[in-house]
Ligand SMILES: Cc1cc2nc3c(=O)[nH]c(=O)nc-3n(C[C@H](O)[C@H](O)[C@H](O)COP(=O)(O)OP(=O)(O)OC[C@H]3O[C@@H](n4cnc5c(N)ncnc54)[C@H](O)[C@@H]3O)c2cc1C
């Protein structure tokens, strides 16, 4: 056991169970202090809803720490100043944390490490099933550029042993944490919301509920109209109220449904591996030929997309779900992203930035990885000539229009057929449903067939130049 005090700096791992940094600190030190820094730099882009969720997780973490005899020390400011100052004040010999792959996170952690002086900086990996660098590389020595082989290697990777928590005495803060308002640092208009169910115990209950549905995952996962079709655990994985490895252990792969579900955790690890190996991936197309796509500067189209007013009901339903809840179904994320990039030919980075602000589960590697996948600019990307047809996708994955009816209520009275393509509905049905196109609901802002051809040409020109 190391003598003295260990500090655990919580960030995207807001739990005590299955947390390597916490376990190692509580077994290596006699006394342990838990700290979180409210850092306005990442919070500025978050939006009040994500800040509200963070605060509700922090409150729950504090309560769990109080129950264990300690409490959360809540600091506010720049980590490179706050963390070394706190470590010195409590006489710490080591700082423990779980590493993160985002560009800002890495710069921040480097600056803290440099500022620590004599305090040991002990980095763990706690937020992935297999942390970056641990899944065997391809024959070129790089992270697999194709998901299939990565997944096979991922499945045969043995998990690294995690330390067992120890019985260190916990240090309690002198004052109760001064919880910030959800608008802290946020430059985002909108309503602050503190969602219920913060903390790891609530997350474990969500995982337990998901076990009643996971076996239906293969048939239900692409259906946005089925509320239990996917797990909705992405926010818990993002804030670390659940360890990905724990989710894998609980779910296992005994059935087709469980296997299909845990495969998604491998996608999450894959994008983290790619970003850890090449941080440039966060802002530049992984396929350099795609640097030459001539994107359109279509401000009006981008705004219509953000507001859910494109005239394509599935796209609009998704964008309104995102605006209202901070979450969007994966299939619909693909359709909305494809619409922006391929139908409107707007640079994927504009869509990525919008999702970054809005999503409760926003993670740099996951968001960029998926946007690049849809845009056809990333590794193992959807081929550039694959342009999702938003109407066919709606018919296939929201067959009765239940999802669209919920999020685009002005179309709710249209028939199951008409709701997917209001522009083709006859005047009598429109009148009976109380819809005037162009007034209650927009005409399509672009014609899909034309847009598809335009996108393929733009991509082909870029490939020719690259
Ligand atoms: C354009 C776009 C942007 C996205 N941005 C994010 C993001 O910022 N953060 C994020 O967590 N996910 C992102 N995703 C992936 C995916 O849409 C969400 O993880 C999923 O919808 C979350 O819902 P769920 O928890 O019910 O998923 P489930 O289907 O239940 O999947 C279980 C878990 O697997 C992981 N997962 C599922 N699909 C993917 C995927 N395609 N890529 C990586 N991990 C996946 C998630 O952690 C998810 O919680 C994005 C997808 C697209 C197409």
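Each reported figure results from applying straightforward, stated rules to the coordinates on display, with no laboratory input. Here the structure is a predicted model, which means the values were calculated and not measured. Reconstructed Cβ throughout: ideal geometry from the backbone, glycine too, with neighbour counts over all protein chains shown.
Tabulated values for the structure
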| read-out | value |
| --- | --- |
| Extension gain from residue 212 to residue 176, taking 0.36 nm per residue of separation minus the Cα-Cα distance | 9.1 nm |
| Packing-based order for 274-282, 296-304, using average beta carbon neighbours within 10 Å, highest first | 274-282, 296-304 |
| Cα→Cβ-extended label distance, 7 Å offset, between residue 300 and residue 88, nm | 5.9 |
| Convex hull volume per residue for the chain, taking Cα atoms only, in Å³ | 147 |
| Label point 7 Å beyond Cα of residue 291 along Cβ direction - residues of the stretch 430-466 with amide nitrogen under 15 Å | 462-466 |
| Label-point separation, residue 417 to residue 386 (7 Å along Cα→Cβ), nm | 3.0 |
| Efficiency of FRET from Cβ geometry, residue 456 and residue 76, R₀ 60 Å, rounded to 0.05 | 0.75 |
| Cα gyration tensor shape of the stretch 195-261, rounded if a/c is under 1.5, else prolate or oblate by comparing a/b with b/c | oblate |
| Likely footprinting exposure, 306, 417, fewest C-beta neighbours within 10 Å first | 417, 306 |
| Which of 123, 139 has the fewest Cβ neighbours within 10 Å, and the rest in rising order | 139, 123 |
| The stretch 235-374: radius of gyration and largest Cα-Cα distance (Dmax), Å | 16.1, 49 |
| Spherically averaged projected area in nm², based on the convex hull that wraps the Cα atoms of the stretch 302-405 | 6.0 |
| Calculated FRET value between residue 324 and residue 169, using beta carbons and R₀ = 60 Å, to 0.05 | 0.85 |
| Over the stretch 5-126, equivalent-ellipsoid semi-axes from the Cα gyration tensor in Å | 20, 18, 13 |
| Cα pair distances exceeding 25 angstrom across the stretch 288-461, given as percent | 30 |
| Nearest-0.05 FRET efficiency for residue 463 and residue 249, computed from C-beta distance (R0 30 Å) | 0.10 |
| Ranking of 205, 49, 106 by count of other Cβ atoms within 10 Å, fewest first | 205, 106, 49 |
| Nearest-ten-degree value, helix 364-375 long axis tilted from longest Cα axis of the chain | 20 |
| Distance (nanometres) between label positions extended 7 Å along Cα→Cβ at residue 284 and residue 105 | 2.3 |
